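The values are calculated or read from the model by the stated rules, or taken from the named source; none is laboratory data. Note that this is a predicted model, so its numbers are computed, not measured. In this analysis, Cβ positions are derived from the backbone assuming ideal geometry, glycine residues included, and neighbour counts consider all displayed protein chains. When the accessible area is computed, the model is the full protein with side chains, heavy atoms only, and any ligands, DNA or RNA have been set aside. Shrake-Rupley method; radii C 1.70, N 1.55, O 1.52, S 1.80 Å.
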Amino acid sequence: MSNHSANSQIQLIVTEPTNRQLYAFSKRTRAETTAILRISCSASASGPSISTLPQSHCLVWFRNDLRLTHNRALSAAIAAATASSSLVVALYIFSPLDLKRHDVGPVKVDFIARTLRVLARDLWESYSIPLLLRIADNGDDQIIDIVANVCKQFGMSDVFLNNEHELDEAQRDWHCVKRLDSWLRFHRFLDQCVVAPGTIKSASSNSAYLVYTPYKNSWLQLIKRFVVDPEKIFKIRELWPAGENFAKERLENFAIDKKRIQSETDSTFTIGYLNAYKEKRDIPSLDHGTSRLSPYLAIGSITAAQCVARAMEIGNWKLTNIGILTWIQEFIWRDFYRQILVAHPRVNMYKPFKLNTTNVQWCGDQKLFDAWCQGKTGYPIVDAGMRQMQQTGWMHNRVRMITASFLTKHLLHNWQLGERWFAMNLIDYDFSSNNGGWQWSASTGTDSQPYFRIFNPVSDVSENFDPDGIYIRKYVKELEGMKSKDIHNPQEALCKSDFKKLGYPERIVDHKISRENAINAFKILKLGDETIAKNDSKKGKKENRTIKKRKLK
C-alpha cells in the first residue's frame, strides 16, 4: 500500500532529529546494524523472501540531497524508525546513462563521488546508518529493480525520498511508486525549492508565471508570511514557552492563588485570577485578566476538558462562582463554533454562515486595509491591538472584537481579509474560533452582532476598556506622553501643530460617516431580501391557487 506524503508548499524549516531520537539510535549498537547487514547480504542475490526479514525498516533514497542537516526525507525516516524501533538504511544509485543524458561532465561526477564518501562516513558516525552504493547501467527500469531488491534484501517497508522535478526523474519516480506501492509505502518531500512548483500562479490565467518579475513579487509576498524578525521571535518564545508542562503551569497560576493557599483552609479563598474573570476579562492592560491559554489550546498542548474540569474542581463542582462560570462559557463558545463547522460545512470553505451576506458590497481599498494591518488607523485602541499582535503574536480578546468590527464596519472590508490576516499573525490561531469571531463581528455569522450595532471606537470602547490609556501607551509609543483624558482621541484633543509633532497618523475614516455607510450597505441587502421574499410569497400564493383550481377540475 502506498502512502504519498503531501508536499509542503514552503520549505523553510525542517525538523531535525531530536536528542531523544539520537539517543534511541545510539542505543542500537553498530554491531546490531552490522549483524543485520551481514544476514541480508549473505542471502541469495535476488534477496530473501519478504517473510524472511521483518518488514519494518526504513530506506532513505538519496539523490540530489547529499547532506545530513535540513534533509526532510532523512529526518522523517529517523523519526519513523525511532518510533517503531527499526533501522534506517541509505541508498544512492549511480546511473551512467542518466549522467550522459544530462551531459554531466567528469568534474561534477568526481565531486559527487567525493561527497558520497563524506556522506557515508557522516551517516555512520552520526546515526549508525549504512550508505549502500549501487550502479544502474540500464536506466530507469534497473533503478526501480535496485530499489525493490534492496528493500526485499533488508526488510524495508517504507521508502523516504526528496522530490526531483526534472521530467525524466519525475517520471521515473512515478513509475517506481506505481510498480512497488503494493508492498512499499513511499514518503516524498519538497527539497530543491523554497516554494514548491505550482504553488504560485498568475491570477489572470491560473497557470504558471512566464515572466520573472511578477513571479518574484508573488514569491516574496508568500515568503513574508514565514519570515520573522529574530528579536520578535525571541520575545514571542519568552512570552509563550512551549510544551504541555508550561500549559498546565499557566492553568494553575490562573486558577489558584498560590500565596493564599498556604494560609487559608476554605477552598473558595484559594481561587486565583479566575475568581475575578468576569470583571477583569475585558481590560486589555491586565496581564492576568484572561488565562492566556489559547496558544496551548490551539495546538492541543492542553485540552478544553482539562481546563473545564480544573475550574469545576476548584469551584467544588458547583457553578455558583461567577468568575468560574463566565470562564467556562468561553469553552462553550469554542464548542459552539465547532458544532457549527460540522453542521454547516460551507463555513469550512470560508463562506459566510448567512449566505445572503455574500452580496454585501465590501470596499476594496488596499491603502485602508494596509493601514489597519500596520496599526496606523488613527484610532489608538485599534492601533494598539494590531501592534500588540505584531509584537507578541497575540491580541486580547476584547480588542480582537474591536479591531474586527473596525475593519468590517468602519472600513467596510470583507471579513475574510481580516480572518486571513489574523490566521497569519496569531500564535493561537484556531480556525473555528477565528472564523466564528470574525463572522460575529461582521454580522455574517450565526447568532452574530446586529449589523446596525456599530461601536464608537473612542467613547464606546477605548474610554470604557482602557480608561487610563495603559494599554494604548504600551503599544502606541507615539502617544506615551499624552494625558489619560486625551489619549483616546489625540486628533481632537490637540491643535494641528501639536498633533503633527506626535508622528501619529490622522484618522483614516470618520466614525459617523463610516457607520452610516455600513448600515446602508447591510440595509440595502436586507431590503433586497425582503423584496425577494415578498415576490416568492406572491408567486407561492399564485401557484397554490392554480393547484386548487386543478384539484376542483
Item checked: Subset tally (residues that are of a type in the set (D, E, K, R) and open to solvent by 40 Å² or more (accessible area, probe 1.4 Å)) for the range 60-83 -> 1
Next item on the list: State whether one or more residues within the range 495-509 are acidic (Asp, Glu) and open to solvent by 50 Å² or more (accessible area, probe 1.4 Å).
Entry: yes
Margin query: Can you report the number of residues in the range 406-426 which are touching a residue at least 12 places away in the same chain (Cβ under 8 Å) and either more than 20 Å from Ser459 (Cα to Cα) or not in a helix (DSSP H, G or I) (or both)?
Written below: 14
Note to self: Please verify whether Ile519 is of a type in the set (A, V, I, L, M), closer than 30 Å to Arg387 by Cβ and at pLDDT 95 or above, treating the condition exactly as stated.
What the structure shows: no
Item checked: Every residue from the range 482-504 that is farther than 11 Å from Val458 by Cβ and in contact (Cβ under 8 Å) with a residue 60 or more places away in the chain -> Tyr504
Item checked: Residue within the range 440-448 that is of a type in the set (Phe, Trp, Tyr), more than 11 Å from Tyr350 (Cα to Cα) and over 17 Å from the mean Cα position of the chain (by Cα) present -> yes
Next item on the list: Could you grab me the full set of residues in the range 386-405 that are closer than 20 Å to Gln449 by Cα and part of a helix (DSSP H, G or I)?
Entry: Asn397, Arg398, Val399, Arg400, Met401, Ile402, Thr403, Ala404, Ser405
Check: Do we find a residue being open to solvent by 70 Å² or more (accessible area, probe 1.4 Å) and modelled with pLDDT of 90 or more anywhere in the range 325-332?
Finding: yes
Note to self: Given the condition among the hydroxyl-bearing types (Ser, Thr, Tyr), over 30 Å from Pro230 (Cα atoms) and either free of Cβ contacts under 8 Å to residues at least 12 places away in the same chain or out of contact with any Asp or Glu (no Cβ under 9 Å at 6 or more places or on another chain) (or both), answer yes or no: does some residue in the range 380-398 qualify?
What the structure shows: no
Item checked: Complete set of residues in the range 220-246 that are more than 19 Å from the chain's Cα centre (by Cα) and surrounded by 12 or more Cβ atoms within 10 Å (Cβ to Cβ) -> Lys235, Phe246
Notebook entry, point to check: How many of the residues in the range 203-216 are open to solvent by less than 80 Å² (accessible area, probe 1.4 Å) and either touching a Leu at 6+ places or on another chain (Cβ under 7 Å) or free of Cβ contacts under 8 Å to residues at least 12 places away in the same chain (or both)?
Noted result: 6
Check: How about the range 88-202: which helices (runs of 4 or more DSSP H) wholly inside it have at least 1 residues that are open to solvent by 50 Å² or more (accessible area, probe 1.4 Å), at pLDDT 90 or above and within 20 Å of Leu59 (Cβ to Cβ)?
Finding: 106-127, 140-153, 167-180
Check: Pairs under 7 Å by beta carbon, first residue free of Cβ contacts under 8 Å to residues at least 60 places away in the same chain in the range 69-87, partner crowded, with 21+ Cβ neighbours inside 10 Å and part of a loop (DSSP other than H, G, I, E, B), six or more apart or different chains?
Finding: Ala81/Leu87
Notebook entry, point to check: Would you call Lys351 outside any helix (DSSP H, G or I), in contact with a helix residue (DSSP H, G or I) (Cβ under 8 Å, 6 or more places away or on another chain), surrounded by fewer than 23 Cβ atoms within 10 Å (Cβ to Cβ) and at pLDDT below 95?
Noted result: yes
